[in-house]
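Working notes, structure below.
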């Protein structure tokens with residue numbers, strides 16, 4: 001009898017609890033999906049990605065400066081969601097493979113060694129310029145534009161009696177490249193934590209040095225100093241935000257001044273020369289057709 005009464009009481013309590021805190025729709029399906037996703041094997045790479053493994057031994061013969069440049073570009077491109085899952089040896093192997101394809105096509109089409117060499121150099125250059133360097137440069141400029149606002153919000157969070165670490169965690173949940181970079185720092189946080197303590201370098205300093213961006217390196221160094229000081233955090237962060245914004249405005253003005261000189265050559269090659277060629281063709285057409293004689 002006691003078992004029946006206990007079962008009825010448990011059933012009643014369960015029904016009341018479900019009425020007060022009902023399970024969200026699709027809870028069990030979502031839980032099952034997460035379980036299956038955790039146990040699912042990693043997706044297989046496409047066949048052409050597997051073929052690149054044959055070119056990876058060439059990576060160790062590439063110049064160090066080229067390797068560092070591609071590594072930096074890949075770092076920033078992956079920060080905005082491009083080239084996800086790619087490693088540095090794969091990217092270099094892809095460029096080597098594209099150069100080989102260009103050499104073969106140039107030799108077959110032109111039948112000339114000069115054309116083959118030109119195609120071998122041009123195709124990897126265009127691949128790097130359009131698909132790797134362009135998104136990397138866009139990510140760096142976007143981060144430079146977002147960084148002053150991010151630091152200002154960080155100062156406001158700290159002014160609201162929030163610790164510096166908690167403020168960084170909160171702001172890293174927002175949109176933008178700057179928040180994505182701080183999410184990367186939090187995901188790679190090691191034994192030393194976010195900030196430098198003693199001889200153990202913090203994740204902020206380490207990741208800023210890895211990025212190679214002077215603004216991030218300066219910010220990480222300043223945040224370490226703010227953390228060690230412990231007082232006047234809001235005022236120091238406000239000063240950092242002001243200096244970062246001033247530096248960004250100055251760099252933007254310098255880029256705006258260089259735009260005129262940078263577009264002169266494209267205008268000459270793509271507008272002025274074609275215009276002259278068309279005019280000359282129109283003027284020379286009667287001569288070649290015998291209309292003037």
How about segment 204-219: which of its residues are more than 16 Å from residue 239 (Cβ to Cβ) and part of a helix (DSSP H, G or I)? 204, 205, 206, 207, 208, 209, 210, 211, 214, 216, 217
Does at least one position in segment 227-241 carry a residue that is without any contact (Cβ under 8 Å) to a residue 40 or more places away in the chain and within 29 Å of residue 81 (Cα to Cα)? no
From 154, 143, 132, residue being under 30 Å from residue 103 (Cα atoms) and in a helix (DSSP H, G or I): 132
Residues of segment 204-226 being buried (at least 20 other Cβ atoms within 10 Å of the Cβ) and over 25 Å from residue 73 (Cα atoms), which ones? 223, 226
Please verify whether segment 129-150 includes one or more residues that are within 30 Å of residue 233 (Cα to Cα), more than 17 Å from the chain's Cα centre (by Cα), assigned by TED's automatic domain parsing to the domain that holds residue 217 and crowded, with 20+ Cβ neighbours inside 10 Å. yes
Which of the residues spanning segment 92-107 are crowded, with 20+ Cβ neighbours inside 10 Å and more than 13 Å from residue 128 (Cα to Cα)? 102, 106
How many residues are in contact with a helix residue (DSSP H, G or I) (Cβ under 7 Å, 6 or more places away or on another chain), surrounded by fewer than 18 Cβ atoms within 10 Å (Cβ to Cβ) and part of a helix (DSSP H, G or I) when one looks only at segment 185-203? 1
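The values are calculated or read from the model by the stated rules, or taken from the named source; none is laboratory data. Small disclaimer: the values here were computed from a predicted structure and weren't measured. Methodologically, a virtual Cβ is constructed for each residue, glycine included, from the backbone with ideal geometry; neighbour enumeration extends over all protein chains shown.
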